[in-house]
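So the structure is just underneath, and the comments pick up after that.
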Amino acid sequence: MRKHARIYFEFNLETGKAEEKTWGVYGVRYYKSDEGIKVEIGDGYRHELSIDATYWNRILKIVKDSE
């Protein structure tokens with residue numbers, strides 16, 4: 001994720017709650033980057049995956065239903 005990205009939503013996968021400042025813990029971050037809206041899943045350091053927000057609704061369903 002870019003250093004100055006605007007984060008719209010963060011979800012802590014360890015606690016199962018929407019929280020602010022999930023950097024350093026495994027979480028889901030929905031943010032705006034230079035390339036558009038992105039979703040990052042991971043700890044924000046080296047264990048992360050960044051995808052286009054096209055799949056955002058599917059990610060929310062996975063989190064909500066604990067798939």
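All told, D65 meets the bar of being out of contact with any Leu (no Cβ under 8 Å at 6 or more places or on another chain), without any contact (Cβ under 8 Å) to a residue 24 or more places away in the chain and not aromatic (F, W, Y).
Against the numbered list (1) out of contact with any Ser or Thr (no Cβ under 6 Å at 6 or more places or on another chain); (2) touching a residue at least 24 places away in the same chain (Cβ under 8 Å); (3) surrounded by 14 or more Cβ atoms within 10 Å (Cβ to Cβ); (4) outside any loop (DSSP other than H, G, I, E, B), L60 comes up short only at (2). Does at least one position in segment 17-34 carry a residue that is surrounded by fewer than 16 Cβ atoms within 10 Å (Cβ to Cβ), over 17 Å from L60 (Cβ atoms) and of a type in the set (F, W, Y)? Checked segment 17-34: at least one residue is surrounded by fewer than 16 Cβ atoms within 10 Å (Cβ to Cβ), over 17 Å from L60 (Cβ atoms) and of a type in the set (F, W, Y).
Every read-out reported here was derived from the displayed coordinates using simple, explicitly stated rules and does not represent laboratory data. None of these values were measured; they are calculated from a predicted model. Please note: Cβ atoms are built from the backbone with ideal geometry, for glycine as well, and neighbour counts cover all protein chains shown.
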